[in-house]
Amino acid sequence: GNLTRQPTGKISVIIDEKVHTTNIKNGKASLTISGLKPKTYNVKVRYEGDEDYCKSFHYQNLTVSKRPTSMNISIDEIYYGDTGILKVTLTPETVSSQAYLYITDENNVTSKKTVYIRNGTEIKLKNYAAGQYNLTLEMWENSYYETSNAAAIFKVNKYETNLTINATDINAGES
């Protein structure tokens, strides 16, 4: 054989007993395997050999990690009696998950609610007394994405009133 020649033939990658095969071109092989769930896999790479090179095997562990996520939340100003809107921004934009929404009031009393979130979710905040609240949104564990949390402070404002009473507007004996 001619050992100065580059290997030819096929390479097979075996993951979870599924065989993925590609041809060697210019001494190299490239293979994209999609749909792998985050976990550690035992991988077997098998070179089929050619007229100059023997069949060979290589074993290695491959860890597929969860994709990192980022969450941001914003709340517009709220006045007593109004409905506020909590806006959720998630990246990557394909993330969707359930989350816990914690709201702690000025007396340190916390309420907990389960909500479904994805990028662009708007959560209504209503029936809150005037005061300041701490809000935390905690994303649940997800099969493909890392968890993410965000916190904000929102304030429910009182309406400003301006009432003027003139004594000349009141006459004795009138009702």
Requested in this report: Determine whether region 51-58 contains at least one residue that is open to solvent by less than 90 Å² (accessible area, probe 1.4 Å), in contact (Cβ under 8 Å) with a residue 12 or more places away in the chain and either closer than 30 Å to Ser143 by Cα or not aromatic (Phe, Trp, Tyr) (or both).
Outcome: yes
**Report entry** Residues of region 32-46 classified as open to solvent by less than 70 Å² (accessible area, probe 1.4 Å) and either over 23 Å from Thr63 (Cβ atoms) or under 28 Å from the mean Cα position of the chain (by Cα) (or both), total
**Finding:** 4
Report task. Look through Asp82, Asp76, Asp16 and report the one residue that is within 25 Å of the chain's Cα centre (by Cα) and of a type in the set (D, E, K, R). Result -> Asp76
Query raised in the report: Among the residues of region 92-137, which ones are surrounded by 14 or more Cβ atoms within 10 Å (Cβ to Cβ), of a type in the set (Val, Ile, Thr) and modelled with pLDDT of 95 or more?
Result: Ile103, Thr104, Val115, Ile117, Thr121, Ile123, Thr136
Query - Selection from region 100-147 of residues that are over 19 Å from Gly84 (Cα atoms) and either in a strand (DSSP E or B) or more than 10 Å from the chain's Cα centre (by Cα) (or both) - result: Asn107, Asn108, Val109, Glu138, Met139, Ser143, Tyr145
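The values are calculated or read from the model by the stated rules, or taken from the named source; none is laboratory data. All of these numbers come straight from a predicted model, not from anything done at the bench. Note: ideal-geometry Cβ built from the backbone for every residue, glycine included; neighbour counts use all protein chains shown. Just the protein is used for accessible areas: all its heavy atoms, side chains included, with ligands, DNA and RNA removed. Shrake-Rupley method; radii C 1.70, N 1.55, O 1.52, S 1.80 Å.
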